[in-house]
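J.: I have a structure here, written as structure tokens, and I will follow up with some questions on it.
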Amino acid sequence: MSEERPKYGWYVKNLILAFNIIGLFGLIVFILGLNLLGMLGVILIIISIALMGLFLWPGIGLAAMNIIISKDDSEVQGRDILSIIQSPRVLDIGCGTGRTAINIAKSLPKGGQLNGIDIYNVNAISGNSLTTVNRNAELEGVSDKTTFQYGSATEIPFEDNKFDIVNLSSVLHEVHDYEDKKKAMKEIHRVLKPKGYLLIGEWNRYSWQIILYTGILCIVFQRRKYWDELIRKHGFNILKYENFAGYGLFTAQK
Ligand SMILES: C[S@@+](CC[C@H](N)C(=O)[O-])C[C@H]1O[C@@H](n2cnc3c(N)ncnc32)[C@H](O)[C@@H]1O
């Protein structure tokens, strides 16, 4: 019998499917255009190039990105911080299926605990649910030090000054409204202990990697400066910024 393995799902799987279908339609139109003479052929080729650029490029790029991420076993952001805090309490906001949260939980020193919250948007990750993240934690052997529950970044279901570390990996760009982002930052500040650490990972719009993966869709992401300002304006000092293949990691302190 095959052993059950954790299922972390694919980011934006439905979007990838839709983009590839439209993109492949563009490819068919392109072939059709090549076989037609005259103005109609030229028009079809122009339309098909637009369709492939807008849809097939991010469709293939995002699929490739998911495959690369699923094989990535890079370092946990903030491992150095985890090691200097006694029995750290960590909150992972937007934990989803637990890809990052469970990785952090595996690095927790003795007595450490991780709470994860999410609104469980099923379009963000395939199979995104509380059941999935709990099962993944069981399979990865960290269920004794993790607790996952429903909760939003804009209304964090915990008391003031509870956590040593708050982590958000690829989450804040999904909080679309700027007022909601400000609300989330105030909530994070509230639940962090004095001198607590904030870790934010976000894709950088103008990195060549994100342009390669997403094409025109890179506009969904912000520049480093945008996150820099948001973090500083809400009572945090930025201690460190690291760039991992277009993914920006901010380490800040309350
Ligand atoms: C791209 S996924 C990242 C998941 C996870 N952090 C990881 O590293 O795999 C973004 C997650 O943020 C969640 N999310 C979006 N808006 C949120 C909000 N306002 N509060 C909490 N979670 C949110 C989505 O449901 C989704 O699970």
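The values are calculated or read from the model by the stated rules, or taken from the named source; none is laboratory data. What you see is a predicted model, and the numbers here were worked out from it, not measured in a lab. All Cβ positions, glycine included, derive from the backbone under ideal geometry; neighbour counts span all protein chains shown. We work out accessible area using only protein heavy atoms, side chains counted, and drop any ligands, DNA or RNA first. Shrake-Rupley method; radii C 1.70, N 1.55, O 1.52, S 1.80 Å.
J.: Regarding segment 13-70, what's the average projected area of the Cα-atom convex hull, expressed in nm²? Each step should come with its number before you reach the end.
T.: Working: hull surface 14.6 nm².
So the Cα hull casts an average projection of 3.7 nm².
J.: Along the Cα→Cβ direction, 7 angstrom out, place labels at Met39 and Leu24. What is the inter-label distance in nm?
T.: 3.3
J.: With r defined as the distance between the Cβ atoms of Ile219 and Ile46 and R0 fixed at 35 Å, what FRET efficiency is calculated, to the nearest 0.05?
T.: Computed FRET efficiency for Ile219 and Ile46: 0.95.
J.: Now for a different question. Remind me, relative contact order of segment 13-70 in percent, using alpha carbon pairs under 8 angstrom and six or more residues apart?
T.: 46
J.: Less than 18 Å apart at the alpha-carbon level, and either on another chain or at least 8 residues along: which aspartates and glutamates does that give for Lys71?
T.: Glu4, Glu140
J.: Let me ask something else. Filter the DSSP H helices in the chain by two things, a Kyte-Doolittle mean of at least 1.6 and an axial alpha-carbon span of 18 angstrom or more, and list the hits by number.
T.: 13-34, 38-51
J.: Need one word for segment 10-126: rounded, prolate or oblate. Basis is the Cα gyration tensor (sqrt eigenvalues a ≥ b ≥ c); a/c below 1.5 gives rounded, then a/b vs b/c decides.
T.: Prolate is the answer for segment 10-126, as a/c is 1.5 or above and a/b outweighs b/c.
J.: So for the pair Asp160, Asp228, with labels modelled 7 Å out along Cα→Cβ, what separation do we get in nm?
T.: My value for the distance between the label points is 3.2 nm.
J.: Once label points are set 7 Å from the Cα along Cα→Cβ at both Arg190 and Asn14, what is their separation, rounded to one decimal in nm?
T.: Taking the simple label geometry, Arg190 and Asn14 are separated by 3.0 nm.
J.: Where only protein heavy atoms count, and the probe is 1.4 Å, what is the accessible area per residue for the chain in Å²? The partial results should precede the final answer.
T.: On the way: 13490 Å² over 254 residues.
In whole numbers, the chain has 53 Å² accessible per residue.
J.: Between rounded, prolate and oblate, where does the chain land on the alpha carbon gyration tensor, with a ≥ b ≥ c its root eigenvalues, rounded for a/c under 1.5, else prolate if a/b exceeds b/c?
T.: prolate
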